[in-house]
Amino acid sequence: MGEDPELFGQTAGLVDPDEFPSWIIYEDDNLLVLNKPGWLVCHPSKNGPYSSLAGAARQYLKSDLLHLVNRLDRETSGVVVLAKDRQTASIAQKAMMDKHLVGKTYLAILDGHLKAHVCVSQPLADDKSSAVAVKTCCAVRKLSAKKAFTEFHPLSLSQNPQFRPSTLALVKIGTGRKHQIRAHAQWMGHHVVGDKIYGEDENFYLKFIDSGVTGEMLEILQMRRQALHAYEMDFSKVFGKVFRAPLKPDFLDFMASRKIELPKQFDI
């Protein structure tokens with residue numbers, strides 16, 4: 001990766017072609033499934049093929065006939081499914097829009113101790129009052145608001161009193177709205193650790209764009225990128241496959257420092 005971790009966000013990282021194969025979770029004639037790192041955009045960018053996941057995948061396959069079935073925010077790691085042909089892409093993308101066909105499970109580290117299962121059913125709309133153009137907010141009364149449903153299940157609470165309390169949570173989404181998990185986490189008072197938009201100060205995002213994550217910001221953010229990981233995409237009803245992505249080292253390092261236990265079923 002061509003990005004200084006001390007200034008995460010100031011420059012665009014580039015994929016190392018030699019490292020790329022280690023991200024592959026599954027591959028056959030129709031699908032390529034990857035475990036995306038939390039510093040890389042999905043869609044092609046103007047900075048060349050190795051500046052995006054899709055671009056690097058096309059270089060790996062030596063083919064432009066590749067379609068993103070799902071996408072993740074730049075700082076979200078985990079399962080990304082790509083189709084190698086239009087027919088497979090059409091089947092998979094249509095299935096993604098049906099909550100009964102594809103199961104989506106995330107792991108998140110939330111700020112504070114979440115001690116009980118919470119279901120959030122709050123419509124989402126663009127936050128016109130925010131200085132961050134891409135920000136979403138819970139907006140029950142806005143005509144433009146779209147239904148969104150998220151379940152948060154606490155798995156393990158931090159045990160290190162030297163740090164602010166935090167919670168490893170399993171997150172299931174019934175819809176796929178922009179920033180849904182992050183906006184709903186903020187709404188219930190437990191934002192995702194490291195979130196620069198929906199955390200304690202949205203101005204961190206604007207500063208991040210200009211200068212990357214500084215030491216001063218990191219003291220509050222706690223983690224350089226948002227602690228959100230797409231752990232599982234269940235395509236068993238579509239392709240007979242369930243795709244799971246192991247947690248990335250930075251996520252595991254944070255958990256270790258806070259003494260957050262990883263349940264055995266997620267240790268893949």
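A short reminder: the numbers here are calculations on the coordinates, not readings from a lab. What you see is a predicted model, and the numbers here were worked out from it, not measured in a lab. Neighbour counts are summed over all protein chains in view; Cβ atoms, including those assigned to glycine, are modelled from backbone coordinates with ideal geometry.
How much net charge surrounds Asp250 when only the other residues with a Cβ under 11 Å from the Cβ of Asp250 are counted, with Lys and Arg +1 and Asp and Glu -1? Once all neighbours under 11 Å are counted, the net charge is +1.
With equal scatterers on the alpha carbons only and no solvent term, can you work out the Debye log10 of I(q)/I(0) for the range 99-164 at 0.15, 0.18, 0.26 1/Å? For the requested q values the scattering log ratios are -0.72, -0.91, -1.11. Annotation: for a label point projected 7 angstrom from Cα along Cα→Cβ of Asp29, residues of the range 219-256 with backbone N closer than 18 Å are 239-241. Between Tyr26 and Val33, the built amide H atoms are under 5 Å apart, and every one of these is 5 or more places off in sequence or on another chain.
Across all directions, the average flat footprint of the convex hull enclosing the Cα atoms of the range 36-163 is 11.6 nm². Taking the inverse of the mean 1/r over every pair of distinct Cα atoms in the range 5-259 gives a Kirkwood hydrodynamic radius of 18.9 Å.
Magnitude of the charge dipole for the range 41-179, about its Cα centre and with charges confined to Cβ atoms of Lys, Arg (+1) and Asp, Glu (-1), is about 340 debye. Loop-resident GluC sites (Glu not before Pro) (DSSP state other than H, G, I, E or B) in the range 19-112 with no more than 11 further Cβ atoms inside 10 Å of their Cβ: Glu19.
Using Cα pairs under 8 angstrom and six or more residues apart, how large is the relative contact order of the chain, in percent? Contact order relative to length: 20 percent. For the range 102-178, chymotrypsin sites (Phe, Trp or Tyr not before Pro) meeting the loop criterion (DSSP other than H, G, I, E, B) and having at most 14 other Cβ atoms within 10 Å: Phe163. Counting Lys and Arg as +1 and Asp and Glu as -1 over every other residue whose Cβ lies under 11 Å from the Cβ of Asp29, the net charge comes to -2.
Put simply, the amide H of Gly78, placed in the peptide plane, has neighbours under 5 Å in Lys36, Ala230, leaving out anything fewer than 5 places away on its chain. Rounded to the nearest whole Hz, the Karplus-based 3J(HN,Hα) values (6.51 cos²θ - 1.76 cosθ + 1.60, θ = phi - 60°) of the range 184-194 follow the sequence 6, 5, 4, 4, 8, x, 9, 5, 5, 4, x, with x at glycine and proline. Under the combined filter of DSSP loop state and at most 15 neighbouring Cβ atoms within 10 Å, the range 176-256 retains these GluC sites (Glu not before Pro): Glu200.
Look at the dipole of the range 5-259 built from charges on Cβ: of His184, Ser257, Pro21, the Cα furthest out on the positive end belongs to His184. For the range 211-216, the Karplus equation 6.51 cos²θ - 1.76 cosθ + 1.60, evaluated at θ = phi - 60°, returns couplings of 10, x, 7, 8, x, 5 Hz by residue, with Gly and Pro reported as x.
In the range 79-226, the inverse of the mean reciprocal separation of distinct Cα atoms equals 16.8 Å; this is its Kirkwood hydrodynamic radius.
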